[in-house]
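Below is one structure, written out as structure tokens; comments come after it.
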């Protein structure tokens, strides 16, 4: 406790149990703790208590109540403009370009860590803490490494691959070394008001999970409607907009066929949704763009493990760096569901090497 005395840390408080316990642990460890919540979306039209994702009005109230319990200063900063520009507009543009975006990672990259580190400096804090299930260490060479959370069922390192060395040097993940059940027990021990609070939804600005409705409110309904075709170009049906479909989707195609059909891809220029069998979903690899290396590769190509979705198990692959911050990834065994717009994250055991955004799949012909 003594070594942390006088060290000021800002904790990002979402109103959930994870960040609440993180704040309590930091105070117990002797830090001078300041709580901050970011108001990311206008929830003024919602009724209090209505179901919603993270950063709802109820969440802000819960964060304030926990800060009062812990007797720490608490501030709310309005970041709606930045969130709209960097996350929501990107989300809409990606869907209408035929890709499936990952708003949580974009929010971490462009809003939370950037803005919160700025606010931390303004408040005279050396460090920023969050309730993510991840860990950091400093290796023998002085480089910071991002590690998976101890709880494999809650590990959130996949969403943090965009962090820089400077950001990792100033970031703490207090609950990364414990499991979710242990977090619940800690919340009860601290007597926190959020101890029994449930999990939040992933996309905070679409609380009813109706992506199509949200996108159609942002753009014209029915925009980019067209044909559903197979790989040979044979017309199988029609669709009401490419933004309603994502790679791997099976339900909602509205096609009578003797065998199950899956979405293989989307062509925004032709306004086509391409469908086929589950076997046709399997890809040899992928191309990634905007790759961020937390641990720069010593050689290229190199062998690694990668995840192409949040809940995807790490699979062996061979990674080759390309010019312009790109990379080619070849799987040892073909993988289904390579989805443009999602992230591919590279691992060496529990250490995150880096990651990038999936630009497209590689087939046998690629």
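Values in this text are rule-based calculations from the coordinates and carry no lab data. Small disclaimer: the values here were computed from a predicted structure and weren't measured. Backbone-built Cβ (ideal geometry, glycine too); neighbour counts: all protein chains shown.
Quick notes
- Seen against the Cα atoms of the chain and their longest principal axis, helix 113-122 is set at about 20 degrees.
- Helix-derived mean residue ellipticity, 222 nm - over the chain, DSSP H n ≥ 4, -39500 (n - 2.57), to 500: -6000 deg cm²/dmol
- Taking the C-alpha atoms only, the angle from helix 180-190 to the longest principal axis of the chain is near 30 degrees.
- Globularity index of segment 220-280 is 1.01 (Cα radius of gyration / 2.2 N^0.38 Å, N = number of residues).
- Residues 19, 304, 37 arranged by fewest to most Cβ contacts within 10 Å: 304, 37, 19
- Nearest 10 degrees, 0 to 90: helix 57-70 Cα axis against the chain principal axis: 30 degrees
- Segment 77-136 versus segment 284-342: alpha-carbon centroid distance in Å: 23 Å
- The chain: relative contact order in percent, alpha carbon pairs under 8 Å with at least 6 residues between: 16 percent
- Ratio Rg/Rh [Cα only; Rh per Kirkwood] for the chain: 0.99
- Antiparallel DSSP beta bridges within the chain, as percent of all bridges there, nearest 5: 70 percent
- Relative contact order %, segment 282-362, counting alpha carbon pairs below 8 Å whose residues are six or more apart: 44 percent
- Extension gain from residue 143 to residue 313, taking 0.36 nm per residue of separation minus the Cα-Cα distance: 58.6 nm
- Panel order for 216, 140, by other beta carbons found within 10 Å of each beta carbon, from fewest to most: 140, 216.
- Using C-alpha pairs below 8 Å separated by at least 6 residues, the relative contact order for segment 220-280 is 35 percent.
- Radius, Kirkwood style, for segment 223-366 when every pair of distinct Cα atoms is counted (Å): 16.0 Å
- Listed peptides 149-159, 341-351 by packing density, highest first (mean Cβ within 10 Å): 341-351, 149-159
- For segment 282-362, convex hull of alpha carbons as volume per residue, Å³: 79 Å³
- In terms of surrounding Cβ atoms within a 10 Å radius of their Cβ, 262, 211 rank from fewest to most as 211, 262.
- Two numbers describe the Cα atoms of segment 2-190: Rg and Dmax, which are 16.5, 54 Å.
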